[in-house]
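Structure first, then comments.
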Amino acid sequence: MNSARKVGDFATQYAIYIVLVALVAGISVWDPHFLSIETLRNILLQNSTRAIIALGAAFVLITGGVDLSAGRVVGLTAVVSASMLQMENYARRFFPDLPHLPLWLPILLAVAAGLIIGLINGLIVARFKVPPFIATLGTMVAVYGINSIYFDMKPNESQPIGGLRSDFTNIGTGAVGHGPYSVPYLVIIAIAISALVWVVFNKTRLGKNMYAIGGNVQAAHVSGISVGSNLICIYGIAGALYGLAGVLESAKTGGASNNYGNMYELDAIAACVVGGVSTSGGIGTVPGVLAGVLIFGVINYGLTFIGVNPYWQLIIKGLIIVVAVSFDIRKYLARR
C-alpha cells in the first residue's frame with residue numbers, strides 16, 4: 001500500500017512533466033525524426049515569447065485574479081515598437097519624418113506602455129474593487145480600440161507595418177553560434193526572464209506577498225500586507241512582460257498589425273493552468289508554467305510534424321485544459 005501511495009503521490013506531483021515526456025515519446029514513436037536538435041530548437045524558438053506572456057499571466061493568476069488584456073497589450077506594443085523602427089528608405093513608413101532612433105528607445109517606450117496598462121489594471125482591481133475578470137475584459141477592449149486608432153493614423157491607414165530595421169529583426173531571428181546547435185536570442189531572453197521571475201517568486205517580499213494574497217486575501221490583510229499596493233505592482237509587472245513579448249513578436253515576424261496577439265491571453269492562461277498554477281490562487285511555479293508552455297508547443301509543432309489535422313489539435317488542447325482545471329478544482333475542494 002505504501003509503495004502504491006508513493007507512486008501515486010509522485011505521479012500527482014510531477015504529472016505535468018510526465019505528460020510532457022509522454023507526448024514527446026508518443027510523437028517520436030510515430031516519427032523518430034521528431035527527436036532532433038533542430039526540432040527542439042524550433043519548438044523553443046516558437047514558444048519563447050509565449051513563455052514570457054505566460055509568466056506575466058502567472059503573476060496575476062497566483063493572486064487569485066485573471067488578466068484578459070494580455071493579448072491586446074502584446075498587439076499594441078508590437079505596433080508601437082515596429083512603427084518607430086522602420087528602415088529610413090522604406091516606402092511606407094509609419095512616421096515618414098521620424099529620425100533614426102537608438103534601438104533601445106522604441107523598445108523601452110513599448111515596454112513602458114505595457115507597464116502603464118498593467119498598472120491601470122491593478123489600480124482598477126485594487127482601488128475600485130472591480131473583479132479582475134471584468135476589469136481586464138474592459139481594458140482588453142479599450143486597448144484594442146486604442147491600438148486600432150493608432151494603427152489607422154495617416155499615412156499608414158491600417159496597412160501592415162513592414163520594412164523593419166535589421167538591428168531590430170536580428171533580435172528575433174538571430175542566434176549565438178551557427179547551424180542546428182545555435183541558440184536563438186529569443187530563447188536566451190526567455191531563459192533570462194524566467195530566471196528573473198523565479199527570483200521574484202521565491203526570493204523577494206513581493207513574491208511572498210503574492211502567494212499570501214492568492215492563498216487567503218483576508219489573512220494577508222490581517223498580517224499587515226498592503227494588498228492594494230502589491231496588486232498594482234503585480235499587474236504592472238505582468239503588463240511589462242506582455243509589452244516585452246509584443247516587442248519580441250514584432251522583431252521575430254519582421255512586422256506588426258493591430259491584430260497581433262489575438263487570443264494569446266487564453267493560450268497563456270491555459271499553459272499556466274496545465275502547468276499547475278491554481279485558478280483559485282496561491283499556487284504556481286516557474287518550472288510548471290514553462291512545462292505548460294512546452295506541452296502546448298509540443299502539441300502544436302509535434303502534431304503538425306506528423307500530419308495531424310489542425311482541428312484535432314484544438315480538440316486535444318481543449319481536453320487537456322478541461323482535465324487540468326478539473327484536477328485543480330478537486331485539489332482545491334480537498335484543501336477545504
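Of all the residues that make up the range 57-76, how many are more than 14 Å from the chain's Cα centre (by Cα) and over 19 Å from Ala271 (Cα atoms)? Lay out the reasoning, then the answer.
Step one: filter the range 57-76 for residues more than 14 Å from the chain's Cα centre (by Cα), giving 62-65, 76.
Add one more test, that the residue is over 19 Å from Ala271 (Cα atoms), and what stays is 76.
Selection size over the range 57-76: 1.
Checking Val24 against (1) surrounded by fewer than 21 Cβ atoms within 10 Å (Cβ to Cβ); (2) within 21 Å of Gly174 (Cα to Cα); (3) β-branched (Val, Ile, Thr), which test does it fail?
The failed condition is (2).
Looking at this structure, is Ser166 at pLDDT below 95, surrounded by fewer than 20 Cβ atoms within 10 Å (Cβ to Cβ), closer than 30 Å to Arg41 by Cα and polar (S, T, N, Q)? So that I can check it myself, show each step before the final result.
Details: at pLDDT below 95: no; surrounded by fewer than 20 Cβ atoms within 10 Å (Cβ to Cβ): yes; closer than 30 Å to Arg41 by Cα: yes; polar (S, T, N, Q): yes.
Judged against the criteria, Ser166 is not a match.
Looking at the range 79-101, can you tell me whether even one residue there is touching a residue at least 24 places away in the same chain (Cβ under 8 Å), more than 16 Å from the chain's Cα centre (by Cα), more than 16 Å from Gly254 (Cα to Cα) and not in a helix (DSSP H, G or I)? Break it down into steps so the answer makes sense when it comes.
So the first thing to find is which residues in the range 79-101 are touching a residue at least 24 places away in the same chain (Cβ under 8 Å), and the list is 79-87, 90-94, 96.
Of the ones still in play, those that are also more than 16 Å from the chain's Cα centre (by Cα) are 79-87, 90-94, 96.
Okay, now just the ones that are also more than 16 Å from Gly254 (Cα to Cα), so 96.
Cutting the leftovers down to not in a helix (DSSP H, G or I) gives us 96.
Yes, because at least one residue in the range 79-101 is touching a residue at least 24 places away in the same chain (Cβ under 8 Å), more than 16 Å from the chain's Cα centre (by Cα), more than 16 Å from Gly254 (Cα to Cα) and not in a helix (DSSP H, G or I).
Can you pull out every residue in the range 199-248 that is open to solvent by 20 Å² or more (accessible area, probe 1.4 Å), among the hydroxyl-bearing types (Ser, Thr, Tyr) and either touching a residue at least 40 places away in the same chain (Cβ under 8 Å) or within 30 Å of Asn170 (Cβ to Cβ) (or both)?
Across the range 199-248, the qualifying residues are Tyr211, Ser229.
Being touching a residue at least 24 places away in the same chain (Cβ under 8 Å), over 13 Å from Phe59 (Cα atoms), open to solvent by less than 10 Å² (accessible area, probe 1.4 Å) and not in a helix (DSSP H, G or I), is that true of even one residue in the range 260-270?
Checked the range 260-270: at least one residue is touching a residue at least 24 places away in the same chain (Cβ under 8 Å), over 13 Å from Phe59 (Cα atoms), open to solvent by less than 10 Å² (accessible area, probe 1.4 Å) and not in a helix (DSSP H, G or I).
Would you mind stating whether Leu44 is over 16 Å from Met263 (Cβ atoms) and open to solvent by 10 Å² or more (accessible area, probe 1.4 Å)? Reasoning before the result, please.
Working: over 16 Å from Met263 (Cβ atoms): yes; open to solvent by 10 Å² or more (accessible area, probe 1.4 Å): yes.
Spelling it out, Leu44 is indeed over 16 Å from Met263 (Cβ atoms) and open to solvent by 10 Å² or more (accessible area, probe 1.4 Å).
Which of the residues spanning the range 302-321 are assigned to a helix (DSSP H, G or I) and without any contact (Cβ under 8 Å) to a residue 40 or more places away in the chain? Before you say what the answer is, go through the steps one by one.
As a first pass, look at the range 302-321 and keep what is assigned to a helix (DSSP H, G or I): 302-305, 310-321.
If the condition is that a residue be assigned to a helix (DSSP H, G or I) and without any contact (Cβ under 8 Å) to a residue 40 or more places away in the chain, then Thr304, Pro310, Tyr311, Trp312, Gln313, Leu314, Ile315, Ile316, Gly318, Leu319 are the ones that fit.
Answer yes or no as to whether Gly122 is assigned to a helix (DSSP H, G or I), modelled with pLDDT of 95 or more, open to solvent by less than 30 Å² (accessible area, probe 1.4 Å) and in contact with a Cys (Cβ under 9 Å, 6 or more places away or on another chain).
In short, yes.
Counting only residues that are surrounded by fewer than 17 Cβ atoms within 10 Å (Cβ to Cβ) and touching a Ser or Thr at 6+ places or on another chain (Cβ under 7 Å), which one in the range 311-336 is modelled with the lowest pLDDT?
Tyr332
Of the residues Leu85, Leu115, Leu105, which is farther than 30 Å from Val277 by Cβ, surrounded by 13 or more Cβ atoms within 10 Å (Cβ to Cβ) and modelled with pLDDT of 95 or more?
Details: Leu115 fails: farther than 30 Å from Val277 by Cβ; Leu105 fails: surrounded by 13 or more Cβ atoms within 10 Å (Cβ to Cβ).
Testing whether each residue is farther than 30 Å from Val277 by Cβ, surrounded by 13 or more Cβ atoms within 10 Å (Cβ to Cβ) and modelled with pLDDT of 95 or more leaves just Leu85.
The values are calculated or read from the model by the stated rules, or taken from the named source; none is laboratory data. Keep in mind that this is a model prediction, so the values were computed, not measured. Methodologically, a virtual Cβ is constructed for each residue, glycine included, from the backbone with ideal geometry; neighbour enumeration extends over all protein chains shown. To get the accessible areas, we keep the full protein, side chains included, count just its heavy atoms, and leave off ligands, DNA and RNA. Shrake-Rupley method; radii C 1.70, N 1.55, O 1.52, S 1.80 Å.
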